[in-house]
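Enquirer: Before we start, here is the structure in question, set down as structure tokens.
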Amino acid sequence: MPIKVLLPVQRGAVKYIPMTFHLVASSAGNGRVTEEAVLQQVANINASYADQEAKFYIDRFNYFDNDAVYNTPGSAAARSQMKLRRAYYDPQDDWLVSRKGEINAVSSTLAHEAGHFFSLAHPFSGWDCHPYTLDEYTNPVNVDFTLPCEGGGGSSLIELHNRSNCNTAGDHVCDTPEDYNLGLLYQNDCDENTSIMDKNGEVIKPMTNNFMSYYRDCSTYEFTTTQKSLINTDFFTIKRAYIRTGVVPNTTPVVDPVAYVSPINGEESNGLSNILLDWEDTPGANKYLVIYDRFASFTFNPVKTIVTSSELLITDALTENVTYYWKVWPYNESMTGAGYSTAQNFRAVLGTGINDIREIDGYSLSPNPVRDHADATLTISSLKAFGAVIEITDASGHVLTSDHLQIAPGISQIPLQTNDIPAGIYFVILHSTSGRLVERLLILE
């Protein structure tokens, strides 16, 4: 997980924290967390750290399929695979592993694990292996130290409510109150303890909504002032120098919905492949997650792609006479919470053209759509020579250009200049004595 900040490094500078998301599936390719969930999670963790001059952003996505990493990420085999896929080297492990169910818009798990990455301990340090139970510790607690883990280790001085030993007990942070890990076994909510007492007979008052504790279902979570200071200090230490590379991500808010251009509102496509999905640039966005599918629910066989411009060319062959749905999620590296804009749809057809000219046995118009006033080319295959008139008209039938042509037998390519034609939908019409050929042309800015 690389991290990047403004240079020269200043203690009060914004902390830019790039994250490489390794989206792991089983070896069969199943179970991978979705890109949508990651985008929601980045917005979530940025909200969690918003008051710390910290900005997480997506450095890149990495996809790989491996049973060991997917099923047993703590195993030696999994660790070996993860080391192979790192984009840089550091002698310490610097990745966070999360269950896919915790990557979403509301879970505080990744914010918690990032706290560990930046040196924070659990406020209940020492209670990890043996959380408080009445049988083991009684009430009031009758021992000074927690029970050690199997094989030794994990024992810690028990923190008192009066804070008299806060510098040496628990997480050694005095503004995180005593915490006996009640959240793990006793509570699924944020209700404070009213009965369990420390060795002095005082009721303990854990900070139930602390990010580093184990209390669940709190409406909001917080870091204490000292915890924030420790995160900031760790970020600017020498051991984190490898992630302070000076890159400043795009932090412009992305709030506007996508303005779709084409194909929308049930339009028919110009063929079954090379279909251009087009939309206007969304303010603040430099990346777009695009999805299309045969079902409006996007559950049949969705195709997802991330692009850096406001268009996507579908090169795969679609099924004829089927309606396809598509939608776009605009975002940038750090502002990822916009979500999908309203879905659009189009019908995949072989072509919208009409050919009544008996001399022509094949034709194509490309590129279509045309962008940046480039020329289009009408390519026709003719069985014999014939005379014709070629026109470009607007949707109302007004003729914009008109030229007389003499078509030779075989393949002919007719250039169509669009530099003086504004963006819009037009028709290319070839007239002859035996009929006409009509093809729709879309011109984009």
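The values are calculated or read from the model by the stated rules, or taken from the named source; none is laboratory data. This one's a predicted model, so the numbers in the text were calculated from it and none came from an experiment. FYI the Cβ positions are ideal-geometry reconstructions off the backbone, even for glycines, and counts take in every protein chain you see.
Enquirer: Going through 423, 408 one at a time, which residue ends up being among the aliphatic types (A, V, I, L, M), without any contact (Cβ under 8 Å) to a residue 40 or more places away in the chain and within 22 Å of residue 276 (Cα to Cα)?
Expert: Within the list 423, 408, the selection yields 423.
Enquirer: I've got another one for you. Would you point out the residue of region 303-324, among those that are touching a Lys or Arg at 6+ places or on another chain (Cβ under 9 Å) and within 21 Å of residue 270 (Cα to Cα), that is surrounded by the most Cβ atoms within 10 Å (Cβ to Cβ)?
Expert: For region 303-324, the residue satisfying everything is 324.
Enquirer: Being of a type in the set (S, T, N, Q), modelled with pLDDT of 90 or more and not assigned by TED's automatic domain parsing to the domain that holds residue 279 narrows it down to one residue among 379, 342; which is it?
Expert: Only one candidate passes the filter, namely 379.
Enquirer: Report, ordered by the first and then the second residue, all pairs with beta carbons closer than 6 Å, sequence separation of six or more or different chains, a first member in region 86-107 that is in the same structural domain as residue 63 (by TED's automatic domain parsing) and under 20 Å from residue 34 (Cα atoms), and a second member that is in a loop (DSSP other than H, G, I, E, B) and at pLDDT 90 or above.
Expert: These pairs meet every condition: 100/33; 103/33.
Enquirer: Only one residue in 290, 349, 254 is among the β-branched types (Val, Ile, Thr) and within 30 Å of residue 433 (Cβ to Cβ). Which one?
Expert: Testing whether each residue is among the β-branched types (Val, Ile, Thr) and within 30 Å of residue 433 (Cβ to Cβ) leaves just 349.
Okay, residues lined up against (1) touching a Ser or Thr at 6+ places or on another chain (Cβ under 8 Å); (2) over 30 Å from residue 426 (Cα atoms); (3) free of Cβ contacts under 8 Å to residues at least 24 places away in the same chain:
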position: 201; (1), (2), (3): no, yes, no
position: 204; (1), (2), (3): no, yes, no
position: 216; (1), (2), (3): no, yes, no
position: 250; (1), (2), (3): yes, yes, no
position: 270; (1), (2), (3): yes, no, no
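Enquirer: So residue 395 clears everything in (1) buried (at least 17 other Cβ atoms within 10 Å of the Cβ); (2) modelled with pLDDT under 85 except one condition, right? Which one?
Expert: (1)
Enquirer: Within region 281-324, work out how many residues are part of a loop (DSSP other than H, G, I, E, B) and closer than 22 Å to residue 249 by Cα.
Expert: 9
Enquirer: Please determine whether any residue of region 222-233 is within 24 Å of residue 129 (Cα to Cα) and in a loop (DSSP other than H, G, I, E, B).
Expert: Yes; the residues of region 222-233 include at least one that is within 24 Å of residue 129 (Cα to Cα) and in a loop (DSSP other than H, G, I, E, B).
Conditions (1) among the aromatic types (Phe, Trp, Tyr); (2) modelled with pLDDT of 95 or more; (3) out of contact with any strand residue (DSSP E or B) (no Cβ under 9 Å at 6 or more places or on another chain), marked per residue:
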residue: 135; (1), (2), (3): no, no, yes
residue: 149; (1), (2), (3): no, no, yes
residue: 158; (1), (2), (3): no, yes, no
residue: 162; (1), (2), (3): no, yes, yes
residue: 168; (1), (2), (3): no, yes, no
residue: 173; (1), (2), (3): no, yes, yes
residue: 185; (1), (2), (3): no, no, yes
residue: 199; (1), (2), (3): no, yes, yes
residue: 212; (1), (2), (3): no, yes, yes
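Enquirer: Filter region 331-381 down to residues that are closer than 30 Å to residue 297 by Cα, assigned to a loop (DSSP other than H, G, I, E, B) and not small (Gly, Ala, Ser), then give me how many there are.
Expert: Residues that pass the stated criteria total 10.
Enquirer: Here is a follow-up. For region 187-223: of the residues being under 15 Å from residue 114 (Cα atoms) and not aromatic (Phe, Trp, Tyr), which is surrounded by the fewest Cβ atoms within 10 Å (Cβ to Cβ)?
Expert: 222
Enquirer: Take residue 285 and decide whether it is in contact with a Pro (Cβ under 7 Å, 6 or more places away or on another chain), over 18 Å from residue 442 (Cβ atoms), assigned by TED's automatic domain parsing to the domain that holds residue 340 and not basic (Lys, Arg).
Expert: So residue 285 fits the description; yes.
Enquirer: In region 413-422, is there at least one residue being assigned to a strand (DSSP E or B) and surrounded by fewer than 12 Cβ atoms within 10 Å (Cβ to Cβ)?
Expert: Scanning region 413-422, I find at least one residue that is assigned to a strand (DSSP E or B) and surrounded by fewer than 12 Cβ atoms within 10 Å (Cβ to Cβ), so the answer is yes.
Enquirer: Is it fair to say residue 271 is small (Gly, Ala, Ser) and surrounded by 17 or more Cβ atoms within 10 Å (Cβ to Cβ)?
Expert: yes
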